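First up is the structure itself, then whatever we jot down about it.
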Amino acid sequence: MHLSDISVYYILEKDEKKYTLRGESMESFIEQFMGINDVVNDLVWGWPLLFLILGTGAFVMVRTGFVPITKFGYAMKQTFFKMFAKEQVGEGEVTAFQAVSTALAASVGTGNIAGVGTAIAIGGPGAVFWMWLAAVVGMATKYAEVVLSIEYREKTEDGRYVGGPMYYLETGAKKKWLAVLFAIFGTTATFGIGNMVQSNSVADSLNTTFNIDPLITGLVLAVAVALVTIGGIKQIGRVTSVLVPFMAAVYILGGLLIIFLNIELVPAAFGVIFRDAFTGSAALGGFVGSTLTMAIRFGIARGVFTNEAGLGSAPIAHAAATTDHPVRQGLWGIFEVFADTLVLCTITALVIVMTGAWGSGEDGAALTTVAFEEGMPFGGYIVTFGLVFFAFSTLLGWSYYGERCMEYLFGSKSIVIYRLIFIPLIVVGAIGGLRAVWALADTLNGLMAIPNLIGLLLLSPVVVRLTKNYFGKDGIYRNEKQGND
């Protein structure tokens, strides 16, 4: 039975009279729904939200004394160079690296492959510059989010640490209604952006490359996710702390190999990116051309989409980290955005631009695949590998986010109900169902940012106070530095 064969009936009762509206197909209903959602989505992901995201990040950047920039070296020393350290000081459920791995597992997803491809396909190579700008500002946003998630996290009766925007909005900003809104948006968005979109990407990729039945892919993914998530954040953290470095290393090495094989094209690629960032792109091959406005909008939007700075999702994972100070974990937020956008997305972008694939007329993951295949014979397999593992990791991370939002709204007993909905939808997504839900989830994903950003602005004095407590003349940073001396 096709969608067009299913009629939608609206039955209204008033004064014992029934009015029945017939003949409107489900397909027509979905089209109307999608049309309304598109309008709302354009507003949510339009200039007002983008300005709010960038403005909040810039505000926090200035208020904290440009910590993500002035303390960048220190942040890398405390994060990248200590990511596998087993000794942890403070309280928490998982290590600092396991927490950031869970956050990266959720943000390092199809956005790094398909998102970059979409940004360049619509906004041209210049969109990459604005993606970088969003990432630099985003480091301050993510830093503030993580700091607040540790400061206002709570310990449950069974010994778990929970936190995120729901908690710092309610406890810190005293805005419970905003906390509830965020939790509602977050719970619903996980079913689309963090679930069906991911499983569908994997299924399409494996079906195209290896002719694997999407249903089989969906079932395997559902079982794998269920086996991991049943162990909670500790099990998710253990898996992602191995999976994230492995998948990132394979993708980075593959991308760098293509770049080095075509090293003579790198200067020209950077030249195109910087030139088009302020002029837009003329039509080329299958590329229809873009304006400066398109480059800015889609570069910033896709940048936010890939690293999730400002959306409020990552702080939920960071809240479970073992740490002795909010700022120490906040440094992982800086590292997270740097690794996600300024490293992974840049590699994808350079391959697309330097190979000239951006003029092919392709979009999203297909564009990235074409670029990698242009770069070297087996490049397409690297993209397939990346999509499979990036999407799987995103399923793990977002399942945890959804559980915490659901728990905040309805208590810990609701987690089982959430899993009973989340796991089957992985299969539904793999076979291509409920695309309307995907579109709605994208809108809800953007709506998550609004209450979170309001909270960051209201609680910026707390972030400043904790930053001074750590980096001030009598803070932990100074004492550590003097001790090393």
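The values are calculated or read from the model by the stated rules, or taken from the named source; none is laboratory data. Everything numeric here is computed off the predicted structure, so don't read it as measured data. Cβ: placed from backbone, ideal geometry, glycine included. Neighbour counts: every protein chain shown. Keep in mind that these areas ignore ligands, DNA and RNA; they rest on the heavy atoms of the full protein, side chains included. Shrake-Rupley method; radii C 1.70, N 1.55, O 1.52, S 1.80 Å.
Of the residues contained in region 297-311, none is found to be over 26 Å from Val383 (Cβ atoms) and open to solvent by 20 Å² or more (accessible area, probe 1.4 Å). Counting only helices (runs of 4 or more DSSP H) wholly contained in region 385-485, the ones carrying 2 or more residues that are at pLDDT 95 or above and open to solvent by less than 30 Å² (accessible area, probe 1.4 Å) occupy 435-458, 460-471.
Taken over region 172-225, the residue count meeting the criterion of being buried (at least 24 other Cβ atoms within 10 Å of the Cβ), farther than 17 Å from Phe410 by Cα and hydroxyl-bearing (Ser, Thr, Tyr) is 3. Within region 113-147, the set of residues being on the phi < 0 side of the Ramachandran plot and either touching a Pro at 6+ places or on another chain (Cβ under 7 Å) or outside any helix (DSSP H, G or I) (or both) comprises Pro125, Gly126, Met139, Ala140, Tyr143, Glu145, Val146, Val147. Scan region 229-259 residue by residue and report those that are touching a strand residue (DSSP E or B) at 6+ places or on another chain (Cβ under 7 Å) and among the basic types (Lys, Arg). Of everything in region 229-259, just one residue is touching a strand residue (DSSP E or B) at 6+ places or on another chain (Cβ under 7 Å) and among the basic types (Lys, Arg), namely Lys234. Each residue in region 155-202 was checked for being modelled with pLDDT of 90 or more, in a helix (DSSP H, G or I), more than 21 Å from Val44 (Cα to Cα) and out of contact with any Leu (no Cβ under 7 Å at 6 or more places or on another chain), and 4 pass.
Residues checked against (1) at pLDDT 85 or above; (2) open to solvent by less than 10 Å² (accessible area, probe 1.4 Å); (3) hydrophobic (A, V, I, L, M, F, W, C); (4) farther than 24 Å from Gly446 by Cα:
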{"residue": "Phe278", "(1), (2), (3), (4)": "yes, no, yes, yes"}
{"residue": "Gly286", "(1), (2), (3), (4)": "no, no, no, yes"}
{"residue": "Met294", "(1), (2), (3), (4)": "no, no, yes, no"}
{"residue": "Ser313", "(1), (2), (3), (4)": "yes, yes, no, no"}
{"residue": "Ala317", "(1), (2), (3), (4)": "yes, yes, yes, no"}
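The set of residues from region 326-354 being surrounded by fewer than 22 Cβ atoms within 10 Å (Cβ to Cβ) and in contact with a helix residue (DSSP H, G or I) (Cβ under 6 Å, 6 or more places away or on another chain) comprises Leu342, Ile347.
Taken over region 62-104, the criterion of being among the charged types (D, E, K, R) and either surrounded by 22 or more Cβ atoms within 10 Å (Cβ to Cβ) or modelled with pLDDT of 80 or more (or both) is satisfied by Arg63, Lys71, Lys77.
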